[in-house]
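The values are calculated or read from the model by the stated rules, or taken from the named source; none is laboratory data. This one's a predicted model, so the numbers in the text were calculated from it and none came from an experiment. In this analysis, Cβ positions are derived from the backbone assuming ideal geometry, glycine residues included, and neighbour counts consider all displayed protein chains.
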4 protein chains.
Amino acid sequence: MFVSECQIRVRYAETDQMGYVYYGNYATYFEVARVEALRQVGLTYKMFEDSGTMMPVVHLNCKYKKPAKYDDLLTIKTTIREMPSTRIFFYHEVYNEANVLLHEGETTLVCIDMKSGRPVLCPEILASQLRPFFNS
Amino acid sequence: MFVSECQIRVRYAETDQMGYVYYGNYATYFEVARVEALRQVGLTYKMFEDSGTMMPVVHLNCKYKKPAKYDDLLTIKTTIREMPSTRIFFYHEVYNEANVLLHEGETTLVCIDMKSGRPVLCPEILASQLRPFFNS
Amino acid sequence: MFVSECQIRVRYAETDQMGYVYYGNYATYFEVARVEALRQVGLTYKMFEDSGTMMPVVHLNCKYKKPAKYDDLLTIKTTIREMPSTRIFFYHEVYNEANVLLHEGETTLVCIDMKSGRPVLCPEILASQLRPFFNS
Amino acid sequence: MFVSECQIRVRYAETDQMGYVYYGNYATYFEVARVEALRQVGLTYKMFEDSGTMMPVVHLNCKYKKPAKYDDLLTIKTTIREMPSTRIFFYHEVYNEANVLLHEGETTLVCIDMKSGRPVLCPEILASQLRPFFNS
């Protein structure tokens, strides 16, 4: 299991007139969380695109438990529970500063060869970084 | 069953450097689709907020089948399959101009009394409009 | 002088907790207005990118007179006051349904050859459409 | 003169298919920069809204010199050049990691009493923090 945490400050731009974070913006928070998870093992998403693999999201699931609000300093806890093959499954939990769970989300990415447009195995530069977290 | 359709032109702002609609923007498209579905039966979301009921989203699910692209004229087909109680379930399908299904989504809204902060039944102004579509 | 009008319905996603359209979203409205102005003379921005010219914005100016609000049906009046050379100057006025002027903006685009990265004259497919509006 | 700096990592959501930061997103970066400038002197924008003053933007000006790109770690340098009265003028410069100036912007905020809707002097909690930077 691989776990990563990052912090995101809610921007005014991300609120709506309900005074909450607009419901579509969690997808962006998860993107930041995934990218920071990769950076933690020395990788950037740019590396994948530069090496010819893109990783579009094929599935998003969001459960809105309590609203995040303007200027909240959120902690996004991101977990990869199984070793990726062609797909990478991310689990995200969003906490506020009082450590209250506000939101649970899941994103699934698929590795695509940018030339052929076909699914491929997760790039070895990532797989090799993740394996130690999944060895029993 | 209540079915509604609306059209949305993809904005440059909504694309990302993959050349696709950014994955978080479907949530906004679904918001537009829900609002236009309501407008079709003579209602606006403003009416609900003005009458003291807000309807935050409590669940979002998105399946990305094929990418929508810049300047695509999308058709969002929105279906309410069951008569709302405190929750309203929307099913969304996104088609491009060639009538290819690009995306399937679901959003669940809960009706909340703005004073008490507690769930309430779907406002009668909406329920009365929807009942004819669910009478057997 | 070339004048074009388009209508944009304010989305919930575009509001902020002040209950107004977030100030950065006018840039998106202007993008839609420019694109619809082009479409009115039979052109799409895609045509330019496909033919090797991109048109990034080099200048944006926004004067916020009165707030646009959720669900407002805005009219964006877009004017090109002078025949484009390498730059195209757009003037934008945003009106609400009561025909109150809410916002004035200007955007300047520069035509760039996508191969060389250098400024070029406005593509002839556009210039030829615009000339009739500027002949004295 | 009051100067503040903050860093912002460009999100994928903020790029467009040109591969650049979408031109409307600089407004959001400036919002973050203003908020972090306030935080540096112990204030939050929330304090102003909670105390009955809101500060909508009345003017935005953006000069796009070079594009910011995905994953760039931007430095936003924000300067207040004159002691605020009812208006606060912010000057923003955006640099990339190579310290290249990518963008220059200006935002003007006006202090509004939330009850009366009328302009008021900059709240004393802010004025008192800023005065030391403007004493000659």
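Criterion applied to D:Leu38, D:Leu60 was being crowded, with 16+ Cβ neighbours inside 10 Å, in contact (Cβ under 8 Å) with a residue 40 or more places away in the chain and within 10 Å of chain C (Cβ to nearest Cβ), and the one residue passing it is D:Leu60. The single condition from (1) hydrophobic (A, V, I, L, M, F, W, C); (2) at the interface with another protein chain (Cβ under 7 Å from one of its Cβ atoms); (3) buried (at least 21 other Cβ atoms within 10 Å of the Cβ) that D:Val32 fails is (3). Kindly establish whether A:Ile80 is crowded, with 17+ Cβ neighbours inside 10 Å and touching a residue at least 60 places away in the same chain (Cβ under 8 Å). Yes, satisfied. A residue that is of a type in the set (Phe, Trp, Tyr) and in contact with a helix residue (DSSP H, G or I) (Cβ under 9 Å, 6 or more places away or on another chain) occurs nowhere in segment B:80-89. In segment C:120-136, the qualifying residues are those that are within 18 Å of C:Pro56 (Cα to Cα) and part of a loop (DSSP other than H, G, I, E, B), and the one that is nearest to the chain's Cα centre (by Cα) is C:Cys122. Restricted to segment C:12-119, the set of strands (runs of 3 or more DSSP E) holding at least 2 residues that are under 24 Å from B:Asp71 (Cα atoms) and more than 10 Å from the chain's Cα centre (by Cα) comprises C:57-64, C:73-80, C:87-95. Annotation: D:Tyr20 fulfils all but one of (1) touching a helix residue (DSSP H, G or I) at 6+ places or on another chain (Cβ under 8 Å); (2) at pLDDT below 95; (3) within 8 Å of chain C (Cβ to nearest Cβ); the unmet one is (1).
Selection of segment D:19-58 for residues being among the aliphatic types (A, V, I, L, M) and touching an Asp or Glu at 6+ places or on another chain (Cβ under 8 Å) yields D:Val21, D:Val35. Number of residues in segment D:91-102 that are out of contact with any helix residue (DSSP H, G or I) (no Cβ under 6 Å at 6 or more places or on another chain) and closer than 21 Å to D:Gly24 by Cβ equals 7. Looking only at residues of segment B:1-11 that are part of a strand (DSSP E or B) and not aromatic (Phe, Trp, Tyr), we find that the one that is farthest from the other protein chains (Cβ to nearest Cβ) is B:Val3.
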